[in-house]
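We did not get these values from a lab; they are worked out from the coordinates using the rules stated. None of these values were measured; they are calculated from a predicted model. Neighbour counts are summed over all protein chains in view; Cβ atoms, including those assigned to glycine, are modelled from backbone coordinates with ideal geometry.
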Amino acid sequence: MGDRIRVVLVSDLHGSEIAYAKLANIPKIYKADIVILNGDLTGKALMPIIKLKNGQYTANVFGEVKTFDEKKLEEVVRDAKNSGYYPYVVDEDEYNELLNNNSKVRESLVKLMISSFDDWMRKVEERYRQFNVKLFYFPGNDDPREFVDHIKHIDNDTLIYGDEKILEIGRYVLLGFGYSNPTPWHTEREIPEDEIKRRLEKLFGNIEPSKMTRVLAAIHVPPYGTTIDLAPKLTPDLRPVTAGGEMVMDHAGSTAVREILENYGPAIGLHGHIHESPGIDYLQCKCGRKVPVVNAGSEYMVGALRLAYLIIEDGKLKDKIFVRG
């Protein structure tokens, strides 16, 4: 590999089955040394599908309650999985139990998250081994702790678990960090800015200064105040703010991540988290260099896979292509 590394950055697949199928196919399409799956691996919610006593089914399908027969069931399940939901067929008694037992809902949801991810990773590992490509992956702020505890053990020479870890690959150093600063959604793996700073300083402090210009800093949340951390501004009841018929955008990244990247000056920052802001920006670091920061973006809800194909030579970003497919 030497001084050249080819990186594919993807992020925020949120349980979309079609997005994971496209992830598995990346080595067939792109000549990559490593693919980085930059957090938020799981879907958002359970979708109960109730089997009625008359043999019909009913479910809330993307906000609309629908009733359908056995022939339509496969299509509803497929569309739910492709959009990042977890369809769960139950009878009426089981559904009533779910309505009155939040712990049962969580238990069922986490089991489906784990079984689905395990299936996807088996396919990814098989494909990636064929092409001698590695997947460096870690959870994001949305992923439940029980799921995270499970996937920590999916770690080998092809599937590399990287949360709060450092990996040397050739002459480059990969650093992974999946937590985020607080969000309006109060997700499970949010921590205060000072805690992000403390943890990242510990990670960067374990890297020899002479290697810093070859560090690929894969950090789920992007740096604050850049073109890659713009998200819709929300009202207190979580509705998008609009002006002139358009959504108002606001910076939602991490001030601590920005400070760390400017202080340490890695080769590149690799990010996700803010689905609406794919692209590249640059930070002026204290060492005098400009550090490129990249966000792959996400459109998992429509089954699209957004990615950034990056070629890094001698510690510098030489080429970049942003793809939606």
(message) Taking a virtual spin label 7 Å from the Cα of R199 along the C-beta vector, which residues in region 174-189 bring their backbone nitrogen under 17 Å of it?
(response) 175-189
(request) Sort the following peptides by mean Cβ neighbour count (other Cβ atoms within 10 Å, averaged over residues), highest first: 200-212, 94-106. (result) 200-212, 94-106
(message) Report for the chain the percent antiparallel among DSSP-assigned beta bridges with both residues inside it, nearest 5.
(response) 55 percent
(message) If amide hydrogens are placed 1.01 Å from N in the peptide plane, which non-local residues have theirs closer than 5 Å to the one on S11?
(response) N38
(message) Quick check for me: using +1 on Lys/Arg Cβ and -1 on Asp/Glu Cβ, what's the dipole size of the chain about its Cα centre, in debye to the nearest 20?
(response) 1180 debye
(request) Work out from phi, with θ = phi - 60° and the Karplus expression 6.51 cos²θ - 1.76 cosθ + 1.60, the ³J(HN,Hα) of each residue of region 80-92, listed in order in whole Hz, and give x for Gly and Pro. (result) 5, 5, 5, 9, x, 9, 10, x, 9, 7, 9, 8, 5
(message) Which order do the peptides 149-160, 241-252 come out in when sorted by mean C-beta neighbours inside 10 angstrom, highest first?
(response) 149-160, 241-252
(request) Round to the nearest 10 and give me the degree value, 0 to 90, for the angle of helix 255-264's Cα axis relative to the longest principal axis of the chain. (result) 30 degrees
(request) At 0.36 nm per residue, minus the direct Cα-Cα distance, what do H186 and A243 gain on full extension? Give it in nm, one decimal, please. (result) 17.9 nm
(message) Explain nothing, just compute: Karplus ³J(HN,Hα) = 6.51 cos²θ - 1.76 cosθ + 1.60, θ = phi - 60°, for every residue of region 166-176 in order, whole Hz, x for Gly and Pro.
(response) 10, 10, 9, 10, x, 9, 10, 10, 9, 10, x
(message) Students often get this wrong, so check it: of K286/K318; K22/K81; K165/K197, which have C-alpha atoms separated by over 20 Å?
(response) K286/K318
(request) Give the long-range amide H neighbours of L234: residues separated by 5 or more places, or on another chain, with amide H under 5 Å away, using H modelled in the peptide plane at 1.01 Å from N. (result) V241
(request) Go ahead and run the numbers for FRET between F131 and N60, Cβ-Cβ distance against an R0 of 41 Å, rounding to 0.05. (result) 0.50
(request) For every helix of n ≥ 4 consecutive DSSP H residues, a contribution of -39,500 (n - 2.57) applies; sum these over the chain, divide by its total residues, and give [θ] at 222 nm rounded to the nearest 500 deg cm²/dmol. (result) -9000 deg cm²/dmol
(request) Could you work out how far helix 193-205 tilts from the main Cα principal axis of the chain, as a 0 to 90 degree angle to the nearest 10? (result) 50 degrees
(message) Give me a comma-separated list of calculated 3J(HN,Hα) values for region 63-79, in order, Karplus coefficients 6.51, -1.76, 1.60 applied at θ = phi - 60°, integers in Hz, x for any Gly or Pro.
(response) x, 10, 6, 10, 10, 8, 9, 4, 5, 7, 4, 4, 5, 4, 4, 4, 5
(message) Which one, I260, G245, L230, projects farthest toward the positive side of the charge dipole computed for region 224-298 from Cβ point charges (K/R +1, D/E -1)?
(response) I260
(message) What is the angle, in °, between the Cα long axis of helix 102-130 and the longest principal axis of the Cα atoms in the chain? Nearest 10 is fine, range 0 to 90.
(response) 50 degrees
